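*Asks:* Below is the structure I would like to discuss, written out as structure tokens.
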Amino acid sequence: MYEFLLPPGLLDAEPPYWFCVVGTGSGAAISDYNGQPKGAPANARTRVFVLEPGGNEDCFLSRYDARGGYITQTWYRSRDEAVADTAEECGGALGIWRPVPEDALNAEDWVLRNARY
């Protein structure tokens, strides 16, 4: 992994939550998200990743679709492993990892309200 290309703080969990949008486009917000958690359809494609803290070094990676529907969450031994896995999965369609403000009361809610394509 080319760690020098990643934003400062991402692998160190500072701040603790980060997100990334898959694909580039019009800059539109996640559609249909009204603050209420919901599941994604079975065939949904990941459009938003949320990197969450775990224990000392491990982390969780949550996936959401274009409507803000929850797809799944995966545990990783390290942030480096999670970031490398998303890069391999999405290739050039993976956007830039961005921090969630530390004062956000609910990281996933903040991301789904503020993420843009």
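*Asks:* Which residue is farthest from the chain's Cα centre (by Cα), if the candidates are limited to the stretch 1-30 and must be of a type in the set (Val, Ile, Thr) and either surrounded by fewer than 19 Cβ atoms within 10 Å (Cβ to Cβ) or modelled with pLDDT of 80 or more (or both)?
*Replies:* So in the stretch 1-30, the residues of a type in the set (Val, Ile, Thr) come out as 21-22, 24, 30.
Next, from what is left, pick out any that are either surrounded by fewer than 19 Cβ atoms within 10 Å (Cβ to Cβ) or modelled with pLDDT of 80 or more (or both): 21-22, 24.
Details: 21: 7, 22: 9, 24: 15 Å.
Among those that are of a type in the set (Val, Ile, Thr) and either surrounded by fewer than 19 Cβ atoms within 10 Å (Cβ to Cβ) or modelled with pLDDT of 80 or more (or both), it is 24.
*Asks:* Would you be able to tell me the number of residues in the stretch 101-117 that are in a loop (DSSP other than H, G, I, E, B) and within 10 Å of the chain's Cα centre (by Cα)?
*Replies:* Qualifying residue count, the stretch 101-117: 1.
*Asks:* Then there's this: Report, by residue number, each residue of the stretch 83-99 that is surrounded by fewer than 17 Cβ atoms within 10 Å (Cβ to Cβ) and assigned to a loop (DSSP other than H, G, I, E, B).
*Replies:* 96, the sole residue that qualifies.
*Asks:* I'd like to verify a number: residues in the stretch 54-67 that are modelled with pLDDT under 90 and either on the phi > 0 side of the Ramachandran plot or not hydrophobic (A, V, I, L, M, F, W, C) (or both), how many?
*Replies:* 5
*Asks:* Could I ask something else about it? I'm trying to understand the selection: among the residues of the stretch 31-73, which are polar (S, T, N, Q) and farther than 19 Å from residue 115 by Cβ?
*Replies:* Hits for the stretch 31-73 are 43, 56.
*Asks:* Restricting attention to the stretch 69-79, report how many residues are assigned to a strand (DSSP E or B) and touching a Pro at 6+ places or on another chain (Cβ under 8 Å).
*Replies:* Qualifying residue count for the region: 1.
*Asks:* Here's another thing I want to ask about it. State which residue is modelled with the highest pLDDT when the search covers only the stretch 69-82 and only residues that are buried (at least 18 other Cβ atoms within 10 Å of the Cβ) and of a type outside the set (A, V, I, L, M).
*Replies:* Step by step, filter the stretch 69-82, then rank; the result is 76.
*Asks:* Just the residues that are assigned to a loop (DSSP other than H, G, I, E, B) and surrounded by 20 or more Cβ atoms within 10 Å (Cβ to Cβ), please, taken from the stretch 47-68.
*Replies:* Keep residues of the stretch 47-68 that are assigned to a loop (DSSP other than H, G, I, E, B), which gives 47, 54-58, 65-68.
Within the stretch 47-68, 47, 65, 66, 68 meet the criteria.
*Asks:* Can you find a residue that is surrounded by 17 or more Cβ atoms within 10 Å (Cβ to Cβ), of a type in the set (Ser, Thr, Tyr), modelled with pLDDT under 90 and outside any helix (DSSP H, G or I) anywhere in the stretch 31-44?
*Replies:* Yes, the stretch 31-44 contains at least one residue that is surrounded by 17 or more Cβ atoms within 10 Å (Cβ to Cβ), of a type in the set (Ser, Thr, Tyr), modelled with pLDDT under 90 and outside any helix (DSSP H, G or I).
The values are calculated or read from the model by the stated rules, or taken from the named source; none is laboratory data. These figures come from a predicted structure and were not determined experimentally. In this analysis, Cβ positions are derived from the backbone assuming ideal geometry, glycine residues included, and neighbour counts consider all displayed protein chains.
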